[in-house]
Structure formats: structure tokens, C-alpha cells
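Report on one structure; see the data block that follows.
The values are calculated or read from the model by the stated rules, or taken from the named source; none is laboratory data. Bear in mind the structure is a predicted one, so any value in this text is a computation, not a measurement. Cβ atoms come from the backbone with ideal geometry, glycine included; neighbour counts cover every protein chain shown.
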Amino acid sequence: MSNTFLIYGANGYTGELITRMAAERGLKPILAGRNAIAVEELAKKHHLEYRIFSLDETDRVDAALQEVDMVLHCAGPFSITSAPMVKACLRNKKHYTDITGEISVFETCAAFDPKAQDAGIMVMPGVGFDVVPSDCLARHLMDRLPSATHLSLAFYGMGRISHGTQATMTMNVGKGGAIRRDGKITGVPSAWKTREIDFGEGVVKTGVTIPWGDVATAYYSTGIPNIEVFTIVPPSNLKMMKMARYIGWLLATGPIQSYLQKKIPAGGPSDAEREKGRTLLWGEASDGNGNKVESRLQGPEGYTLTAIAALNIAEKILAGNFTAGYQTPAKAYGADLVLEIDAVSRQDVV
């Protein structure tokens, strides 16, 4: 066993943050990506090895994977990049993790479950803010109410988002929403439902449904067949989401997408902004007999939480703590996984 891992897309905003925190922990990941100048500069800064390749260079991908035990995939958009890396991990029998929040990626990874079990590897997308805290909250609610048939989750991220995250959101702007109904992922109009969310600490906001990753993952973690996920957006954004019901086809066209993508600012939140940022989560589970449980969770800013959660899971895998096949964070490690992160707390609402 090599007892190290590969960070692919290390030069992206989140990949660079994970790399920095990994070096601070004394870990020695191998950095990789397509941008030779950026990856080399980052590797030299942290005294780490690096490899340069694109995902269609099969020989180079396989050679790099043979040097490690697992991959932490940070190169989005994951709807394009995830499947080639998962297939490479299956070929080379190496564990796969990523930081996606895209429903389609979770479902594609789930379809690889039999092959992952045969290869003896774990495939776990979503080891960051998408979806560790919400997945753990979902599992906690199910543990409190095993008879639950309906699950609602909400999150409120108080901080700026990165270029990569905005790019993925923009790419999906015309695709509408999604919920899980009777065990099936079901498309719904953009901004399909709103409701008041009490996050505690005097923070009450109007949440709107979005096609967040938990629509996929919470079902595997809990078995609850009906799932909705809400987030908080400014009123102007909510208005645009509702307009997307009618002009989504236009927003999805090539020329409009090109224009919108060019308008996205580079980079992400500064260290000072991340230090000030926080995330609030809320969840509710209910059954058909009138029983209901409600819980809240608070944690650090989303990108900070992503880096810590991803590295915590990487260390578990490298230590041999994994379950072969497709897994979600809470299914593999339990509802208290997120509580291993400093500054994360959870409360049950009575």
C-alpha cells in the first residue's frame, strides 16, 4: 500500500484549499491536473510531487493511479469529469472520492456499485459540503424516527461561492428542479416550492427547493422515499429561478451559456471571508402517523468544511476504514461523522 492519494484538479479553488490543508496535516498527496504551470507551481509551494495529464490520456491516468491508494477528484464540472475517473479507479482498483453536489453524478456513481464491490474499492462522491453535513443530518433524523417516510432538508451558506461552483450552477440553470417522490427522482419546475425555515439563533428565512445532491444521496443513507431540499437565495435570485420555468430553454442554449459563463468572476472567497462565513442546516422527518422530528446543525463556512471533511474521509480510507461499493458519507461512517469537525454542532428541536 502506498498510503497516499491523488488530488486531481488540485489547482482549482477548492483543490488548492484542500492541498494547503493536507500539507498542514503532514499529508503527502500527489497533485494532478491538466494545467502544467499551475499544478507545478502549487506542488513546489507545498513540496509535493505532481503529475500532468488529462482524463482522456488513459496510460498516464493509470500510471498515476498505480502510485496511490485513492483519488480525491476536485475537477469539475463533475457531470463531465467524474465517470472517466471512476472508470480509471475501477480499472486500477483504487478508491474514488469527489466533492460533487450534482444529482446525476451521484446516480451514475451508484450504478457502478457492483463493479466497485467486485474491485474491492469504495466509490464515495460528495465528501465535501456537498453532501457531508446534510447527509449526516438526514441520517440523524432517520435514526430518531426510523418510521419516517418524508424528509425535508435546508441549508443556508453565509459566504461567497467559487468560480467553479457558479459555473456548474449556471450550466444547470435551465434544467429545472428535482425531488424524490416514492423512491424515484422526479423533475419539478424551478423554484417548485417555498417554505419558512427556522435555522435557530433567530434566523428565519424563506427557503426554495433546489436539485441538491441529497435528493439522490439521502435515499441511500436513510431509505426515506420522499425527499425535498431547500436553500436560501436573495429575492432577485428567487425571481430569476421562477422565470427559468418559462425561459429555461433559452438559458440553456450555447450562446447564452457562453455569455453567462464569461460573466462569472474568477477565484473564490478569501481566507478572511471563509473565516467569517458560517453554514446553517435544518432538517425535518415525518411519517404517516403524525410523528415528526426536527434537528439543526451549524458549522464553518462551506469551502472550509469541504476541505476538512474531504481530508477526514481520505485519512479514514488510507487507514483501511472503508466499505467496498458505492457509499454515502453517512451510510459508511454514521450520522456523527460531521461532528468530528471542530465548530460543528447539532441540536434536536423539541
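Observations
- If you go through segment 13-52 and pick out every residue that is buried (at least 22 other Cβ atoms within 10 Å of the Cβ) and among the polar types (S, T, N, Q), you end up with 2.
- Residue that is under 18 Å from the mean Cα position of the chain (by Cα) and at pLDDT 75 or above, where the choices are T170, T222: T222
- Residue in segment 255-277 that is charged (D, E, K, R), at pLDDT 95 or above and more than 30 Å from D118 (Cα to Cα) present: no
- Some residue of segment 107-128 being hydroxyl-bearing (S, T, Y) and outside the structural domain of K205 (by TED's automatic domain parsing): yes
- Count of residues meeting criterion [closer than 25 Å to V127 by Cβ and either outside the structural domain of R181 (by TED's automatic domain parsing) or among the basic types (K, R) (or both)] in segment 201-253: 0
- Test: residue in segment 71-92 that is closer than 20 Å to K316 by Cβ, of a type in the set (D, E, K, R), at pLDDT 95 or above and under 21 Å from the mean Cα position of the chain (by Cα): no
- Residue in segment 228-235 that is surrounded by 13 or more Cβ atoms within 10 Å (Cβ to Cβ), free of Cβ contacts under 8 Å to residues at least 60 places away in the same chain and either touching a Leu at 6+ places or on another chain (Cβ under 6 Å) or in a helix (DSSP H, G or I) (or both) present: no
- Complete set of residues in segment 313-338 that are part of a helix (DSSP H, G or I) and without any contact (Cβ under 8 Å) to a residue 24 or more places away in the chain: K316, Y333
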